[in-house]
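Contents: one structure, followed by commentary.
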Amino acid sequence: MADDLKRWISALKAGYKKVVATLFTRGAAIFLLFFIIAFLLWLMHAVGSRREIVVRVPITFDCPIDIAIQNPLPENITLLLRDDGRALLRYWFREETDTVHFDLTATPFLDKGTLIYQLDSLQTIFAAQLHATTVIVNSTPHVVLIDYVRLQKKHVPVRLSDKVHIERQYVMTDSIAFSPSLVTIYGQAETLDTITSLCLSPIGSDTFDDTVNKTLKVLAPEGVILSTTEVNVHIPVEIATEKRLLIPVQPLNVPTGVTMRTFPTHVSVTFQVAMSRFNAVNADDFVVQTDYLQRESDVYCYVRLAGQPAGIHHVRIEPNKVEFSLESYNME
């Protein structure tokens with residue numbers, strides 16, 4: 001095996017020497033020398049003579065957000081430059097040309113029309129950025145036609161696209177806040193009429209045990225332009241505790257000349273509230289009613305929670321029905 005490897009290496013060396021001997025003969029060396037001389041003579045002639053080169057300058061058009069362009073616009077201005085070869089080399093080997101932005105945001109657009117934009121005057125701007133001896137022979141296009149239409153606008157609210165999951169023993173202390181809460185959308189009237197709100201990108205499947213501040217993408221419907229593409233979302237989350245209060249029962253729809261008395265006169269309302277708001281919630285924040293017209297029988301009426309403060313969760317009423325009695329009184 002070792003002998004075979006040595007023979008293979010010896011054969012490879014012999015082949016390499018043969019190729020080198022063939023290429024680097026006297027005749028090949030003379031040919032290579034004359035080729036180099038010819039190339040240098042050509043390069044000197046090319047660099048020393050005046051020539052022309054084509055340079056493409058990227059362009060963009062910045063229009064107001066409510067203006068939709070209806071026709072394709074040129075992406076480049078083509079410049080034909082003339083100078084000696086040495087000066088043109090700097091443009092030949094330049095990797096990028098700075099993009100030229102045309103600001104049309106202050107242009108008085110109508111509801112619909114065609115804007116004629118002259119580009120000939122730009123030669124003066126470009127000439128200031130070129131070498132002193134470089135001449136702009138020509139530039140195309142000379143004129144840009146911009147067909148446009150003004151879009152309708154509408155303000156719509158944003159909303160989450162998925163459900164918020166809160167860890168057990170934690171509660172939201174307030175409603176979810178969006179900033180901005182309204183996003184302006186631009187589009188055709190028939191498209192805007194079908195949009196009542198905008199969804200945000202998913203907030204994720206995490207279960208939160210602390211206040212959440214996230215920036216979410218606004219999901220744009222097809223054919224609509226958004227005034228903003230991101231919205232800040234604030235979800236206030238805090239550890240919760242349980243609280244119990246005694247709330248008086250208020251009779252409702254009692255016939256004239258009759259007093260309705262309930263037994264008991266107060267019911268227990270139990271709920272979860274954030275620790276920071278424990279002392280802020282009291283009995284005056286709740287309204288518990290019993291409706292005479294919806295009594296279960298001549299003895300019992302169900303009670304219901306008719307009013308409660310914001311930021312409380314998992315509310316329970318005990319008991320959920322009360323006994324009652326009616327007492328007539330003299331209206332005179």
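None of the figures in this text is laboratory data; all of them are computed from the coordinates on show. Predicted model only: the values in this text are computed from it and were never measured. All Cβ positions, even for glycine, are placed from backbone atoms using ideal geometry, and neighbour counts span all protein chains on display.
Here the translational diffusion coefficient of the range 254-332 follows from Stokes-Einstein with Rh set to the Kirkwood radius across Cα pairs; for 20 °C and 1.002 mPa s it amounts to 150 µm²/s.
Specify the inter-centroid distance of the range 113-186 and the range 232-258, based on alpha-carbon positions, in whole Å. About 49 Å separates the Cα centre of the range 113-186 from the one of the range 232-258. Shape of the range 189-263 from its Cα gyration tensor (a ≥ b ≥ c, root eigenvalues): rounded if a/c is under 1.5, otherwise prolate when a/b > b/c, or oblate? In terms of gyration-tensor shape, oblate.
Here Phe109, Phe286 are placed in order of increasing Cβ neighbour count within 10 Å, fewest first, which gives Phe109, Phe286. Less than 5 angstrom separates the built amide H of Val237 from those of Thr173, Thr211, Val212, all sequence-distant by 5 or more or on a different chain. The order of Tyr117, Tyr186, going from fewest to most other C-beta atoms within 10 Å of their C-beta, is Tyr117, Tyr186.
Spacing of the modelled spin labels on Gln294 and Glu75, each 7 Å from Cα toward Cβ, amounts to 6.6 nm.
If each residue of separation counts as 0.36 nm, what is the full-extension length gain between Glu167 and Val54 once their alpha-carbon separation is subtracted? Write down the numbers at each step before the final one.
Values: separation 113, 0.36 × 113 = 40.68 nm, distance 6.54 nm.
Full extension of this stretch gives 34.1 nm more.
Relative intensity of the range 110-218 on a log10 scale, I(q)/I(0) at q = 0.17, 0.18 Å⁻¹, equals -0.91, -0.97, per a Debye sum over C-alpha point scatterers of equal strength in the absence of solvent. Within the range 284-325, all pairs of alpha-carbon atoms sorted by distance into 10 Å bins from zero give the percentages 27, 48, 21, 4.
Less than 5 angstrom separates the built amide H of Val267 from those of Ile247, Val249, all sequence-distant by 5 or more or on a different chain.
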